[in-house]
Amino acid sequence: MTEVNSNIPQPPLDILQIRELLPHRYPFLLVDRIEEIAEKRIVGVKCVTMNEWFFQGHFPEKPIMPGVLQIEAMAQTGAVLARLLLGQGYLALLAGVEEAKFRRIVGPGDVLRIEVEELYRRRNFGRTAGKIFANGELASEAIISFMMAPIDQL
């Protein structure tokens with residue numbers, strides 16, 4: 001792991017530190033912990049429990065974490081890295097999703113390892129490659145584009 005700079009907190013980051021970096025709150029904060037931070041890579045963790053709000057309707061008889069929320073978890077993990085690298089005055093906004101693939105059902109009891117690598121960044125636009133592993137098995141992956149917007153202009 002490469003240290004980015006002295007202003008970046010060293011992992012692990014707990015939920016309270018993540019809440020300082022992201023505006024998301026329950027029930028939509030989908031990253032519980034950050035385990036690795038490098039210049040172009042970050043690894044987060046999400047512990048999926050039966051108490052998740054989305055299981056009430058998706059699906060009560062066979063609880064499955066929606067794919068769109070898996071993509072959101074990747075985007076939020078990448079947004080933590082973007083905030084750390086580019087500064088607290090900016091917020092990463094989802095700009096696009098490409099090549100999304102869902103390879104395994106994610107359900108209660110799964111521990112998700114969310115790996116996000118920066119592919120490209122120029123000015124206020126970037127692209128990342130995200131992968132989610134559920135208990136060691138590849139569950140989903142996607143290319144996610146984002147824009148950095150000044151918080152005071154939102």
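Just so you know, all these numbers are worked out from the coordinates, no wet-lab data involved. Note that the coordinates shown come from a computational prediction; the quantities given were computed from them, not determined experimentally. Every residue, glycine among them, receives a Cβ derived from its backbone with ideal geometry; neighbour counts consider all protein chains shown.
Once the Cα-Cα distance is subtracted from the 0.36 nm per residue extended length, the residue 97 to residue 58 segment shows a gain of 11.8 nm.
Below 15 angstrom from the Cβ of residue 47, what's the summed charge of the other residues (Lys, Arg +1; Asp, Glu -1)?
Spelling it out: positives minus negatives among the neighbours equals -2.
As a footprinting exposure proxy, order 26, 90 by other Cβ within 10 Å, with the fewest listed first.
On the way: 26 8, 90 19.
Arranged by neighbour count, lowest to highest, 26, 90 become 26, 90.
Relative to the current alpha-carbon distance between residue 124 and residue 151, full extension at 0.36 nm per residue lengthens the span by 8.5 nm.
Residue separation of residue 16 and residue 41 scaled by 0.36 nm, minus their Cα-Cα distance, works out to 6.9 nm of gained length.
Sequence-ordered 3J(HN,Hα) estimates for segment 64-69 from the Karplus curve with 6.51, -1.76 and 1.60 and θ = phi - 60° stand at 10, 6, x, x, 4, 6 Hz, glycine and proline given as x. Could you estimate the translational diffusion coefficient of the chain from the Stokes-Einstein equation, with Rh from the Kirkwood formula over C-alpha pairs, at 25 °C and 0.890 mPa s, in whole µm²/s? Here the translational diffusion coefficient equals 157 µm²/s.
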